[in-house]
Every structure is written in C-alpha cells, then in structure tokens.
Amino acid sequence: MKFGLGFILIQSFCLALCAGQEAPNSDAANSSKGPVSHEVVQTDTVLRVRSDLVLIPVTVTDRSGKAVSGLAKEHFTLFEGDAQQKITHFTSEDTPASVGIIFDVSDSMGPKLNKAREAVNALLSDANPNSEFFLVTFSTRAAVIVPMTNRPEEIRKSVEGLRADGSTALLDGVRLGMTEMEHARYTRKALIIISDGEDNSSHWTVSALKAAVRQQDILIYSIAITDPVGPNVSWTQRMGEALLKEIAGQTGGRMFSVIKLQQLPEIADKISGWLRNQYVLGYVPDRSAMDGTYRTVRLKVVRPKGYPRLHAVWRQGYYAPKE
C-alpha cells in the first residue's frame, strides 16, 4: 500500500512524488519521549517517506454540508477498534490533490450530458489551483481520455466533445481510474464518479471492487443521477446506488443522489470544498500485530463553543501489513 494523505498505513521505503507540497507537520517530531518510527526528507521535487503512521482523512461539515475549518487536534478522539490512539500527526492545510473524474457516457446519459459537463467545470474551477486531473469515461468499455495533467483546460475540452452511447461498465471505469491514479504526484487523491445507472457490462466484479477500495488510499465521491422514486426505478439501479454509497463511505467520501439536474454544479462545488478543507489525523499503531488484518477506525469530534452542530466522515479502516 502506498503513502496517501490519511488513507492507509504507510509501508517502509515508499516513494511519493510531490511537486510543490509541504511535508505534513507532526507533533511527535520533536518529542522527547522516544523516537517514533517515521522519517520525512523533502527536496525540491521528491518527498521520501519511511513511516509506520496510519493517516486518516476527516471531513467535518455543518448541517448544510459546508466544510468546517478551524478545529484543533484536541477536538478529535481516534480509536482503532476499541482502543483509543494517541494522535501524533495533525494537519488541516489546503493542499493540491490528484483527482480522477470517472464519467458515464452510456446511452442513457444523453439528455444529462450538458449538466454533467457543468458539474465537471465546477470541479475544475473550484479545486486547488495546483491540483492535477485525469478523465476516464465508461460506456460499454472504459477508457482513459485524458491522462494525468495539470492543465484543466484539457479536461474541459475533452468533456465538451463527449457523446453518449452504449451500455454501462461502471466497475471497469472505477478500476481503470485506480490504475491511472498510480501516476499521481500528490498524496491527497480522489476519484469522482458521475453516473446515472447501474452497472450492466463490467468485467470487474463487485467483490473485487470492495476489496480494492479498502486497500487503496483514494477518496471516492459519487454523484448518482437517479430517476424520481417510482415504478421506473429498477432494482439493479437501486443496488448500484447502494454499492456506490458503501464504497464511498469506506474511503471517507460520500455518494450524492441527484434527482434534479440543476443540482449537479452545486454538488460538484461542494465536493471541491471538501477536498480543500480536510483534516488529517495520524497515529502509530501497535507494531506487535502486523498480521494483514483489516482494522476498523472510529472517530469522535468535540464541538467547540460557538460552533454549529458538526458531522464528520472519515476513512473507516485499513489493512495492516504482514511482517
């Protein structure tokens, strides 16, 4: 597993390319209570990391879904299983991200493409200006249309030329997005899926997708364009929405169910705001149990005086490495 901003256990000797991004601050770096097994060395272009930190990304919002900033480390309590962990790493900076847009161009998306394009434009406009992007489309097959680039205008131009046709290979689109994310320069990574229907032509399986999501250090947000509740909503479409909700929640992201197309740009703007206003909490787990098992992570947030009611989402767990 690779080092990712808050998503996963970082293994020894992992190399992460990082252009123009500061190394995260760590409260444990200058501690006199003994060494913590992590090492960060930054040059102008390369961040080399050797660490046993588990980094958990956290998004905190108010009741309306607006990102809440200004919280401090003492407002968070972190648990692995039932055991409270000492938070040794805390950051909340607006840093660049590597973002993959997974765009449905199946036949049923035809009348929805214009609003979906507006959503992509909103994502690009509101992102950190140093972020990088790629574009994957899927219908009967998935394809990388624009490889990773720091020129968002390439994404805009390609999205304008998209046409809808074919069936829906959603899972294959997500899989291809995870593969393209291997070229990411930044430690903050996200896939944003825009789709209106269930999967009906993927080669990848649901079980494979669920396993991959738990192993990767990638946030997943899904914008599910749904039909109004009624007889036209198929069972398979409901199952597809449930799957997207589950995998997004596992990563610390979220699924948005959209009925009115006018909501798309607003939701895209909200996702960009969440990506730019994340907290990252880190801790060093018990080294005596490197057994490859999945570890669940829980979080509690204390609301400071004067703050609105808070809602937090975070990555739900990680796989420990094996010795």
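Annotation: extensible slack from Tyr307 through Thr77 equals 81.0 nm (criterion: 0.36 nm per residue apart, minus Cα-Cα distance). Distant-in-sequence amide contacts of Ser131, defined by a placed amide H-H separation under 5 Å and a gap of 5 or more residues or a different chain, comprise Ala97. At R0 = 30 Å, how high is the FRET efficiency between Lys66 and Glu246 if r is their beta carbon distance? Nearest 0.05 is fine. Once the sixth-power term is evaluated, E becomes 0.75. Ordered by the number of other Cβ atoms lying within 10 Å of each residue's own Cβ, fewest first, Thr205, Thr226 fall into the sequence Thr205, Thr226.
What FRET efficiency do you get for Lys86 and Arg298 if R0 is 22 Å and r is their Cβ-Cβ distance, rounded to the nearest 0.05? Approximately 0.90, to the nearest 0.05.
Take every Cα pair under 8 Å whose residues are at least 6 apart in sequence, average their separation, divide by the length of the stretch 98-275, and the relative contact order is 27 percent.
What relative contact order, as a whole-number percentage, does the stretch 171-219 give when Cα pairs under 8 Å and 6 or more residues apart are counted? Display every interim value, and only then the final one.
Numbers: 23 pairs, mean separation 28.6, N = 49.
Taking the mean separation of contacting Cα pairs over the length of the stretch 171-219, I get 58 percent.
5 Å is the cut-off here: which amide hydrogens, built 1.01 Å from N in the peptide plane, fall below it relative to Leu281, excluding neighbours closer than 5 in sequence? HN-HN under 5 Å from Leu281: Ile56, Val58.
Electrostatic bookkeeping for Ser131 treats Lys and Arg as +1 and Asp and Glu as -1; over the other residues with beta carbon under 13 Å from its beta carbon, the sum is +2. Here the translational diffusion coefficient of the stretch 98-275 follows from Stokes-Einstein with Rh set to the Kirkwood radius across Cα pairs; for 37 °C and 0.692 mPa s it amounts to 208 µm²/s.
At 0.36 nm per residue, and after removing the present C-alpha to C-alpha distance, how many nm does the segment from Asn114 to Glu160 gain when stretched out fully?
Numbers: separation 46, 0.36 × 46 = 16.56 nm, distance 0.85 nm.
Taking Asn114 through Glu160 to full extension adds about 15.7 nm, to one decimal.
List every residue whose amide H lies under 5 Å from the amide H of Thr168, counting only residues 5 or more places away in sequence or on a different chain, with H placed 1.01 Å from N in the peptide plane. Excluding prolines and chain starts, which carry no amide H, the hits are Asn200, Ser201. Distances between every pair of Cα atoms in the stretch 178-323, grouped in 5 Å steps from 0 to the bin holding the largest one, split as 2, 7, 15, 18, 19, 16, 11, 7, 3, 1, 0 percent. Taking each of Lys189/Lys245; Lys115/Lys157; Lys66/Lys112; Lys73/Lys210; Lys112/Lys270 in turn, the alpha-carbon distance tops 24 angstrom for Lys66/Lys112; Lys73/Lys210.
How charged is the neighbourhood of Val297? Take every other residue with its Cβ under 13 Å from the Cβ of Val297, and add Lys/Arg as +1 and Asp/Glu as -1.
Working: positive: Arg214, Arg295, Arg298, Lys300, Arg315; negative: Glu80, Asp82.
Neighbourhood net charge equals +3.
Since every read-out is calculated from the coordinates, none of them should be taken as a lab result. What you see is a predicted model, and the numbers here were worked out from it, not measured in a lab. As a convention, Cβ positions derive from the backbone with ideal geometry for all residues, glycine included, and neighbour counts pool all protein chains shown.
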